[in-house]
Amino acid sequence: MKKDRCKIQKLLRKFAGISAMLALIFGTAACASDDDTELESVTLKIEEGTDSTTAKDGFIRTTGAIKTSSDYVGYSEAYIDGLGENSKVVYSVNATNDTIVKLAVKYALWSDDIRGIIVTVNGICANDGNAIYTPTTLIGNKKEKGDERWIMSGWLENVSLKAGNNSIILTPAEKNSKQTFNGTDFSPKQTAMPNIDYLQIVGIGISAGSDSETASYYTLKYSSENTEFGTVSAQISSGLIVPSGTSVTLTASPKSGYVFNSWIGTSPSNNPEHTVTITQDTTLTAHFIPSNYKNEGLYGYATICDDDGTSYTITGGAGGNEITISSFEELNANSSKLSGNDPYIITISGLISTKDLPCPNVSRGFNIGSNKTLLSADAANPGQFQNIGFKVQGKNIIIKNLKFGEVIADSYYANQTDAKTKGIKRGAADAMELNGAEHVWIDHCEFQSHLTPKAFNENGDLVELTFDKTKTAITVEHDNESPEIAWRKDYYDGLLDIKNESRFITISNCYFHDHYKACLCGSNDTDDKEKVMRVTFYYNYWKNINARAPLFRFGKAHVFSSYFFSDSKENCPWMYMSDDKNGDTYSISNNVQSTAINCRASSELYVDNNYFENIKTAVGHYNGSSDVPGTWTTKDNIGFADEKGNDFVPPYDWSAAVKSADAAKSYVVENAGIK
């Protein structure tokens with residue numbers, strides 16, 4: 001066998017220059033060597049009409065999208081797009097005997113980028129640290145000439161196959177990892193693969209395989225959330241593909257001054273030695289926290305990491321450096337620290353506004369990454385953001401004692417000539433948006449706008465506006481609204497929107513007021529990926545909110561011990577506005593029009609011990625003609641009768657926090673907001 005192996009390797013080296021022209025689609029082509037040994041080439045590709053889960057002639061399945069776009073030329077029949085993080089392409093090749101082969105990928109990469117491909121054969125990584133090098137190519141549209149639109153990668157040689165069917169799985173090399181391929185050192189810029197046309201394999205006695213031995217391999221990834229706080233070890237390397245049923249023990253080891261808290265991801269656990277049996281693609285991250293760290297007054301979904309109640313402790317930026325920000329210039333200068341994932345405690349001092357910027361009525365936006373604590377410098381001079389929105393995209397985040405709001409919708413002033421002339425792009429959409437965020441605690445914050453829109457004048461003063469339909473740049477959402485009502489509703493967007501699979505969120509002790517559409521949870525009525533959303537609201541004061549307090553789609557939410565209130569018609573006529581269109585005018589009803597908790601799109605809510613006062617619809621499914629209702633169970637509320645509409649009960653203990661509806665009203669009015 002050793003002699004045969006050497007013979008095969010000699011043949012492969014001799015034929016290392018064989019081009020893609022040798023390939024026969026789903027077949028073999030013979031090429032005689034000097035000693036009459038046949039070296040064959042098999043091309044495993046996708047035929048037009050194949051979908052991402054259909055096994056056919058050596059192609060088994062992919063997590064990507066199969067495309068046949070006429071805008072891009074140079075591929076064979078179809079190609080695979082969308083091969084980002086955690087993606088894979090699965091092939092099968094049959095070998096007559098144990099053998100050694102080489103393989104390459106025909107691909108296109110239409111960005112200024114470098115990516116790498118890891119190859120796993122029968123659950124064994126064939127090129128750890130030696131990912132196939134796939135730099136950028138031409139974009140592949142019809143305007144380009146030449147053969148560089150879709151190209152063959154270099155060859156990965158000395159790949160072992162066993163007799164029979166062999167599973168070959170392509171996955172992306174990790175971003176910024178160190179790789180060497182055929183003498184080229186590189187680091188992938190993304191954890192992603194390029195677009196793939198086909199996999200070509202050259203060897204002896206090979207042909208397209210079947211699915212019989214390819215469906216039971218999965219990727220295991222594990223890491224420490226912060227290697228300065230602790231490390232993780234296991235019997236095998238992270239990122240490898242292993243057979244289904246494999247048991248792996250992960251060990252989390254904290255460093256001095258820290259303790260292990262929890263494993264988060266596919267299989268959460270509070271055991272530092274966590275044995276997991278692989279039956280699916282599995283990703284686990286070890287969460288370490290400073291010794292003796294506690295969060296006083298935190299309850300709800302932010303304290304757990306699965307529906308079984310596995311505990312989790314949010315630490316935000318604890319253990320990181322401290323920054324104080326007191327101006328827009330300082331905020332902008334620290335934007336990369338704010339959006340990155342290193343831990344920081346960021347103190348906000350005083351008012352930070354767009355009023356002194358060019359085009360001050362164009363809102364500005366900033367991103368918040370993982371492991372951050374944002375809070376006010378002191379109660380006497382609390383941090384406040386005016387016309388500045390934040391997109392929270394990380395994990396393990398604490399936001400306390402800050403004021404957000406007056407964020408003018410991104411499409412309003414940014415569309416006007418003055419902003420375009422100055423090169424100012426679109427601003428922020430919401431005062432705060434949780435976008436794929438995980439484990440976030442927002443506490444004692446204030447979110448507000450104005451029921452009559454305001455803008456900065458030439459003196460920098462914030463003044464009320466008078467409606468002028470000839471200058472209104474927004475899009476009217478509903479045909480049954482007058483232009484002025486639509487303008488008032490959409491001039492500001494959301495106060496706190498939670499979307500794109502955000503989960504394990506707690507919103508507590510916050511004051512939401514004077515706004516039309518306050519809190520949207522779930523992007524739309526059709527994206528059921530939002531079913532992972534988990535949010536708890538308690539001790540919140542919702543005053544003069546017209547709708548979305550909150551609106552919840554898919555997922556699960558718990559609302560307890562909060563106060564919902566609409567003012568009188570004399571004090572707040574816009575809580576009584578009519579949706580009936582009457583030419584270009586609006587009308588004011590004799591009945592309050594505000595709504596509170598809107599349960600839509602198969603969401604499940606548990607609502608207990610809340611006080612609803614002067615609210616048209618406290619809990620229900622409304623304004624949702626395009627979706628199915630959600631379900632809700634209500635208990636011990638004032639202003640809404642008890643109902644049992646589902647079996648959902650939150651998987652954590654909140655008995656120490658719950659206040660009766662009567663007690664909640666007085667407590668919330670006194671304590672919600674910045675303290």
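Along the Cα-to-C-beta direction of residue 307, a point sits 7 Å from the Cα; which residues of region 507-541 have their amide N less than 15 Å from that point? Output list for this probe position: 528-535.
Residue 77 to residue 636: extension gain in nm, 0.36 nm per residue of separation minus the Cα-Cα distance? Don't skip to the end; give the middle numbers.
On the way: separation 559, 0.36 × 559 = 201.24 nm, distance 6.22 nm.
Separation in residues times 0.36 nm, less the Cα-Cα distance, equals 195.0 nm.
Please compute the modelled spin-label separation between residue 231 and residue 588, points set 7 Å along Cα→Cβ, answer in nm with one decimal. A separation of 7.0 nm, rounded to one decimal place.
Express in nm, to one decimal, how much length is gained between residue 321 and residue 420 on full extension, taking 0.36 nm for each residue of separation and deducting their alpha carbon distance.
Result: 31.9 nm gained on full extension.
Semi-axes of the equivalent ellipsoid for the chain, please: Cα gyration tensor eigenvalues, times 5, square-rooted, ordered largest first, whole Å. Before the final figure, lay out the partial values.
On the way: eigenvalues 574, 166, 116 Å².
They are 54, 29, 24 Å, listed from largest to smallest.
Amide hydrogen proximity for residue 539: with H placed 1.01 Å from N in the peptide plane, the residues at 5 or more positions away or on another chain lying under 5 Å are 509, 560, 562.
Among 67/391; 355/420; 221/395; 294/395, which pairs are too far apart, with a Cα-Cα distance over 20 Å? The pairs that break the limit, which is 20 Å between Cα atoms, are 67/391. Separation of region 173-212 from region 608-636 is 52 Å, based on Cα centroids. Couplings for region 632-646, taken from phi via the Karplus curve 6.51 cos²θ - 1.76 cosθ + 1.60 with θ = phi - 60°, read 8, 10, 10, 8, 6, 8, 10, x, 7, 6, 5, 9, 10, x, 7 Hz in order; Gly and Pro are left as x. Each of residue 646 and residue 465 was given a label point 7 Å from its Cα along the Cα-to-Cβ line. The distance between the two points is 3.7 nm. Taking amide H atoms as placed 1.01 Å from N in the peptide plane, the amide H of residue 195 lies under 5 Å from those of 108, 110, each 5 or more residues away in sequence or on another chain.
Which value at 222 nm does the chain reach when only helices count, each DSSP H run of 4 or more adding -39,500 (n - 2.57), with the total divided by all residues and rounded to the nearest 500 deg cm²/dmol?
Values: 6 runs with 48 residues, N = 675.
Helix-only estimate at 222 nm: -2000 deg cm²/dmol.
Amide H contacts under 5 Å for residue 72: none, restricted to partners 5 or more places along the chain or on a different chain, H placed in the peptide plane at 1.01 Å from N.
Label-to-label distance, residue 356 versus residue 660, with points set 7 angstrom from Cα along the beta-carbon direction: 5.2 nm.
Read-outs throughout are calculated quantities, based only on the coordinates presented, and are distinct from any laboratory measurement. This is a predicted model, so every value here is computed, not measured. Cβ sites come from the backbone with ideal geometry, for glycine too, and all protein chains shown count toward neighbours.
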